[in-house]
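See structure below.
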Amino acid sequence: MTFSVAESSDLERARRRIFLALFTALAVALNTVEVLLPSPVPWFRLGLANILTVTVLLLYGPRAAWAVTLGRIIVGSLLLGRLFSPGFFLSLGGGAAAVAVMTAAWKLCGARIGPVGISCLGAAAHAAGQMLLAWAILVRHDALWQLFPLLLLASLVTGVLNGAVADMLLETLKGHPAFAGLRDAGRKNSSR
Amino acid sequence: MRYSRFFILLLPAAALAAFLFWRFGAAGEESVVRRQFLMGTLVEITVPAAPSGTADAVDRAFAEMRRVEELMRPDGPGSEAAAITAAEGPIEVGSETAEVIALGMKVARLSGGGFDMGLGRLKTLWGIETEHPRVPKPEEILSALEGTGPEDLMTDGNRVLKSDPRLAVDLGAIAKGFAIDRAAEILRNSGVTRAVVNAGGDLCVIGDRGDRPWRIGIQHPRDPGALLATLSLENVSVVTSGDYERFFEAQGQRYHHLFDPRTGYPAGLAQSMTVVAPSAALADALATAAFVLGPEQGLALLKEFSQVEGLLVAADGTIFISEGLREKVEWP
Amino acid sequence: MALKSVLRRMTLLDRAIVMVLGMFAGSLLLGINSRAPGENILVEREGKIIFTAPLKEEREIRLKGIRGEAVLIVREGGAEMIEAPCPRKVCMGMGRIDQDGEIIACVPNGLLVRIEGGNEPEKTYDVLSR
């Protein structure tokens, strides 16, 4: 069987859309599961959905990462019934900060940075972004800042773990024909 | 990509610098807190998120309180209260002293003598503010009360007349409130929109706390470390009179500083009385009067005035609270 | 197994990021914790600070007031007045203070002892009426 060039890129685009939708759905699922899980302290979250953001960033580039993250936050909040609640804005702030920093790191460092590094930076940015937003819209109390080092440390741990999982996921996907050669495609897509 | 390494270093450094500046560098939100010993107590003025020039206004507020103290203290060369005490006949005083006495006489009348500004001789007799307080003999008390009563002072414009030439004037239960009002006035006129003037627990709050009303803790009359209640209020004065503030013990009896002008002995119907009013002078006088009158008559007295509320702990510990405070109170 | 290969695939920059972030968080944590007990005790007379010292250093201080000598004792991170020349000894009755913003006021003696710095105490009110 042979494909024309146009057909091949059409197929590629369709495949890409389907996978992005799938990743977003997975991210929403992880997000929801995580909220349902008991947590030792209210502000502590595993940030499992970031696994998928990192994976998508490395597979398809920044725009895909933004799409998955924003999609995840909006659909996830709808699902949990807290769209436009303070918690929603905290997630949005944290998520946006995380993707911005991860994208910047990925663009600037190229192949020198791997999923673990990206994930860690993302988690730290998430913590910082949430903190700033919590300060801005919720509590203007100095005690908030005593929480920050703990939050940062916790985010570092979850960042390493999530990065490791993303790395394994990427290794597995790379072996699959649907993603063959895509690890660099992300870079190509974005450089346009 | 040649500069990427540079940017990697620059980005977090810039973010860190921005964070540190934002966290520690913003100086505009400093609050001003000043304390001075005035009117026999510690006066504290707090201005949160103070605009520049506030410290100067706070200093002027303290100076104003000192001026009022000199004017209304029971003795001293500059005191108009002392001048009234010394006067044989009618005497001309400043408009402020006349205003304070007129307000005090209104409270004295409405309380049926539960409030009296002519207790100078009685207070000297008990010596409760001195190092050697004592329980006077009944006949001494009766003689010190001669000439006192709900009509013992009269004002006509700025003229003050005593009904009995021997009457010794003591404005202690109202002058502190008036001084607080004056300090608050100075702050307001200087553009301060949020502040607390706290004279040893008698206070005036200006504006709110920013995002919420001021939360005013009320001292528990029997447990020094505990709160009786917390009131959420804006733009009011709050004065508490309690039997725990000043007292001495003699022969196993406790004698406190809030005398019933009708008997000459410490009033026994209440443990503490908190009054919330538009002015601190009124709150001060009413707190003393309602403390003396006790739960029923005391709270009825407060109803005679508009925008005045109260919280009273009776001698047996029962708590009475006026209608208007019920939505603003929190119990611990 | 899988983790080992993840470790192997981690780039130099990855490791650097983890280490730098960890050190930053750790130092912030230490910075905040080391500030907490560093509160000071201050004594004022007529608006001027006449004595100041860290609260964690134990000591007994003789303070010259308007009326006479008062004795303040600092121990176990708190301070209390144990001797006062005034008749009513209100300042002694105020007990022990150990949190930022707390005050012992000795009105007749013109002395004001207060604690500064450290963490804000958990107060449920802004101002106390008594």
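What is the packing order of peptides B:85-95, B:61-71, B:207-217, taking the mean over residues of other C-beta atoms within 10 Å and listing the highest first?
Going by the mean number of other Cβ atoms within 10 Å, highest first, we get B:61-71, B:207-217, B:85-95.
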Whole-percent carbon and sulfur contribution to the accessible surface of chain C (1.4 Å, no ligands, DNA or RNA) stands at 55
By the mean-Cβ-within-10 Å protection proxy, highest first, B:153-166, A:62-75, C:5-18, B:269-282 rank as B:269-282, A:62-75, C:5-18, B:153-166
Expressed as a whole number, the average count of other chain Cβ atoms within 10 Å around the Cβ atoms of B:199-211 is 2
Shielding of A:153-160 by other chains, given as the mean Cβ count within 10 Å, works out to 4
A student asked for the Cα radius of gyration and Dmax of the protein assembly as shown in angstrom ought to give 34.6, 125
Longest principal axis of chain B (C-alpha) makes with the long axis of helix B:280-293 (C-alpha) an angle, in degrees to the nearest 10, of 50
Row for region B:155-285, column shape: gyration tensor on C-alpha, a ≥ b ≥ c, rounded if a/c < 1.5 i.e. under 1.5, prolate if a/b over b/c, else oblate; value oblate
Across C:3-13, the residue-averaged tally of Cβ atoms belonging to other chains within 10 Å stands at 6
Taking C:75-86, B:315-326, A:159-170 and ranking on average Cβ neighbours within 10 Å, highest first, one gets A:159-170, C:75-86, B:315-326
Among C:K56/C:K123; B:K303/B:K328; B:K123/B:K176; A:K174/C:K4; B:K106/B:K303, the pairs whose Cα-Cα distance exceeds 24 Å are none
Interface buried area A-C, accessible surface with 1.4 Å probe, both sides summed, nearest 100 Å², comes to 1800
With Cα coordinates, the longest principal axis of chain C makes an angle with the long axis of helix C:12-35, in degrees rounded to 10, of 10
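In whole percent, how big is the carbon plus sulfur part of the accessible area of region B:194-332, probe 1.4 Å, protein atoms only?
Solvent-exposed carbon and sulfur of region B:194-332 make up 46 percent of the total.
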Helix B:4-20: inclination vs chain B longest Cα principal axis, degrees, rounded to 10, gives 0
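Summarise the long-distance tail of P(r) for chain B by giving the % of C-alpha pairs beyond 26 Å.
It works out to 52 percent of all Cα pairs.
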In Å, the Kirkwood hydrodynamic radius from C-alpha pairs for region C:40-116 sits at 12.0
Lone Cys, chain C, Cβ cut-off 4.7 Å -> C:C86
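The values are calculated or read from the model by the stated rules, or taken from the named source; none is laboratory data. Every value quoted in this text rests on a predicted model; they were computed, and no experiment measured them. Ideal geometry is used to build each Cβ from the backbone, glycine not excepted, and the neighbour counts take in all protein chains shown. These area figures cover heavy atoms from the full protein model, side chains too; ligands, DNA and RNA do not enter into them. Shrake-Rupley method; radii C 1.70, N 1.55, O 1.52, S 1.80 Å.
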